[in-house]
1. Residue check: is residue C:106 of a type outside the set (Ser, Thr, Tyr) and more than 14 Å from chain B (Cβ to nearest Cβ)?
2. Could you look through the stretch B:147-166, keep only residues that are buried (at least 20 other Cβ atoms within 10 Å of the Cβ) and modelled with pLDDT of 95 or more, and pick out the one that is farthest from the other protein chains (Cβ to nearest Cβ)?
3. Based on what the data block shows, is residue C:260 in contact with an Asp or Glu (Cβ under 8 Å, 6 or more places away or on another chain), within 26 Å of residue B:120 (Cβ to Cβ) and more than 9 Å from chain B (Cβ to nearest Cβ)?
4. Sort through C:218, C:266, C:277, C:227 and tell me the only one that's closer than 19 Å to residue B:232 by Cβ, of a type in the set (A, V, I, L, M) and assigned to a helix (DSSP H, G or I).
5. Could you list, in sequence order, the residues of the stretch C:211-225 that are in contact with a helix residue (DSSP H, G or I) (Cβ under 8 Å, 6 or more places away or on another chain) and either buried (at least 23 other Cβ atoms within 10 Å of the Cβ) or within 14 Å of chain A (Cβ to nearest Cβ) (or both)?
6. Being at pLDDT 95 or above and among the hydroxyl-bearing types (Ser, Thr, Tyr): is that true of residue A:323 here?
7. Quick check, is residue C:229 assigned by TED's automatic domain parsing to the domain that holds residue C:71 and not acidic (Asp, Glu)?
8. May I ask you to list the residues in the stretch C:57-77 that are surrounded by 19 or more Cβ atoms within 10 Å (Cβ to Cβ), part of a helix (DSSP H, G or I) and not polar (S, T, N, Q)?
Amino acid sequence: MNFDLTSDQKMLQDQVRKFAQTELAPLAPEIDKSGEFPWPSLKKMAKLGLLGVIVPEKYGGSGFDFVSLAIAIEEISRACASTGVIVAVNNSLTTYPILEFSSEELKKKYLPQLCSGEKIGAFGLTEPNAGSDVAAMESTARLEGDHYIVNGTKRFITNGGEAGIYVVFAYTNRDLKHKGISAFVVERDTPGFSVGKHEDLMGIRATANCELMFEDVKVPKENLLGKEGDGFKICMNTLDVSRIDIGAQAVGIAQAALDEAVRYSKERKAFGQPICNFEMIEALIAEMATEIQAARLLVHYAGFCKDKGMQKFSKEAAMSKYYASDIAVDVTRKAVQIHGGYGYSKEYAVERLYRDAKILELYEGTSEIQKIVIARELTR
Amino acid sequence: MDLIVCLKRVPQTAEAEVQIGPSGKEIVRDRLTFDMNEADSYALEEAILLKEKFGGTITVISLGLPDAEDTLRIALAKGADHAIRIKAEDFGELDGFKTASLLKDALVNVKFDVLLTGCVATDDSLYQVGPVLAELLGAPHATLVGKIEIAGEKAHVNRELEGGLIEHLEMSLPAVFAVQTGINEPRYASLIAIRRAAGKEIKLLGKDDIPSEHRVNSTLEKLFVPPAGKRAEIMTGTADEVSARTASLIKEKGLI
Amino acid sequence: MADILALVEHRQGAVRDVTFELLTCGRKMAGTLNAKLTGVVLGHKTDDLVARVRNHAHRLIVMDSEVFENFNAETYQHALVKIIEREHPYLSLFANTAFGIDLCPALATQMGYPFTTDCIGVEIVDGQVRATRQLYDGKLDAQVRLTAADSYMLTMRSGACPAEGSDLTAEVERIETLVASQPEYRKFIEYIEAAVGDVDITKADVIVGVGRGIKEQANMPMIEELAKALGGVVACSRPVVDANWLTKDRQVGSSGKTVKPKLYIAIGISGAFQHIAGMKSSDTIIAINKDPNAPIFNEADYGIVDDLFKVVPVLKNKILELKK
């Protein structure tokens, strides 16, 4: 048993924290307001190797493990939640399934572009009528010669409006239900593909969250991930991995809220003394800090399970995602409470953090779905 | 080009409260964060820039406690090739002179064209190590360096004087430069470089390796909180109240 | 008892103000030790320099040569070794300036004398030199004792010992130059004047100075708006220039400009001595800083201990109201 980070993880944390606090944090309020996708930041992060954290060096990545990826995502999210999820999606929802499920040719073709920031990745799963119920998706892909012809609409796609490479799910055989779903890599400039409406979201507002439209999009046969019908399995496995990073994002957002709350409580005076002297504020801070630490340990443990090569870590990933998003919403709410009326004003970061946190309970599997995953591991 | 950079790990006190520990001679360390001394991080970056331009190797050296190895490892990740820690725990009380003499003994067989260090450390504010080390090594030095341009055996160096004036020098190598903050833009280490640095050896030098006696020039007798001088009249109240008072004060002075 | 020696610092033909502080300190030390203060003038065409400082020391040693026209730590060190070997002073004083710190540590090392730098106070206790210095960004003072020896060296921080008038008439001894030329390995080439920016902060009546506390460039407009409301200009401390948020010509402090406006508002500036050196002569200083222990409050006339992000916008509005 050892809770210490390794030497390279410590250095990664140190450098990513400095980078994020210096380069990303100052932009966070700005891009929250404008909704502008942070391309300049992504280019800088590409240079540092943050867009391909788990990708081996031979494909242009950094060759780190999943705990390290979680540490990086926490630090990025602590500075800017939008940038955190953009990077998480590129790493765990795009490079990961390509690395895990594609041919050597596809890896060589797409991973370097995703690691270098030349193109950013997105994950086309959710549809207007298919969220938690993945099998309700309506998109289809039919094989015609050397191509699959993809049709359908995807919705709420993080990075959707700015991505160049999409991992997309569609039915190749509807009769087989979820076993008839397949996964493809689709390039943005393929004819018939278009980006639809840009969502005006409550939080994580700079993530180019868009609708994607596929009208007879011809995808080369070799862009199929795994075999036909592997889509659901690929999707579930990929989500297991990405949930660790959403957990990490949650820890980062919560930590940022705690940082703000502690600082404010020491500066703000009421009844002649700093409010951090009041027991009710102390209780809030103690609760927040404990929740964050517990969530961080769950996240690191889930990453550790994946790194150890455990085949099944769905429960651990779901626990980390469910708990961390739950406490992130709670911690940011408490941080607003500590700020009083000021916390409700856009002048203070906690207002943004509170909005940013809410999505954590909704995307990449709602909290309800996570509980189902956890419970079914125990009851079946 | 062979480069040496002397680094120090220091508490980050610019925006932190500094408390005196029970001995009266040291500060309370546990609530402070420690990191590479600010000016040293510019010295390191300058060495990396010189290496990128002229090739060669960078040796980084730090006289510090075991956690100084974290700082040295970051330097390795950013572009240094070799790292040495002189075990501060072996050498008792230190001052600028003793630090420089220990560095000199550790470096006596390391060839260099340019030796860089920060012009001052934020913890002891001594401005000593660069010029003393240069004197001990028999190399010319310049402190408060804000620009270095090297052509052949010559270096053109700008020193920052008071009032924004710059002193332009021509120096020959090998030389010691104690650099000012702001001379460049220190980089972040890339993840790949971090992974490669993680396994690199850090050479340790202790009492047995540097056996000669080293004297201090000065001994710390006590630390104390600076006596309040002419203390400002502190205005109290809400932001609104203090702002209103300040504004009328400025008006009274005829400045509005 | 041997005497006190102090180096007369000059630049571009003029004795620097800090020299008079140093000579004042030297006279005081000499007084307590019942010793004499000897000023050392290394320069070229030294008549003016000598005339300027003659009333401030008991004795002057002058070396006059083209070699010393401009400061060069190497030629100065060479000459001072000869002088100190001849004079055997008990204590040699230098200003803790860009010249002093380039010179004193190496010189003391060559001579094997105990020394320390950047002192804000000095006293002799039981025949040993005890100095006061500042540590940790000026947040603590330290009392240090120099190791016992026959001779000591110190650099004194500007402002530590305010200059006082003196009516001594130094006996002037001109001695042989002893240093033929600048060494090949370190040659003074030229002085380069700081680039002139769009605003000359030294001419402004009202300066809003901003420091590290501003946190990021995106917050600068808030400071500019306050300065505009006051009809003043924005200046800053060193970290702001290092981060490239403002240009060097806006920097106030020992390596930047010295300003004496009617009003200086220090915002998010902790008050490192280098900054203080550049603005302490302002008529009125108001400091806004959230750290009640920030050294800036020892210099300011008025202080606001609060979050600058909260105070500055309100202050701007109050000023605009009063202007109506």
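The values are calculated or read from the model by the stated rules, or taken from the named source; none is laboratory data. No experiment lies behind these values; they were computed from the predicted model shown. As a convention, Cβ positions derive from the backbone with ideal geometry for all residues, glycine included, and neighbour counts pool all protein chains shown.
1. Here the answer is no, as residue C:106 does not meet what is asked.
2. Ranking the qualifying residues of the stretch B:147-166, first place goes to B:148.
3. Spelling it out, it is not the case that residue C:260 is in contact with an Asp or Glu (Cβ under 8 Å, 6 or more places away or on another chain), within 26 Å of residue B:120 (Cβ to Cβ) and more than 9 Å from chain B (Cβ to nearest Cβ).
4. Unique residue meeting the criteria: C:277.
5. C:211, C:212, C:213, C:214, C:215, C:216, C:217, C:218, C:219, C:220, C:222, C:223
6. Taking the combined requirement at face value, the residue satisfies it.
7. Considered against the rule, which asks whether it is assigned by TED's automatic domain parsing to the domain that holds residue C:71 and not acidic (Asp, Glu), residue C:229 comes out as no.
8. Correct list: C:67, C:68, C:73, C:74, C:76.
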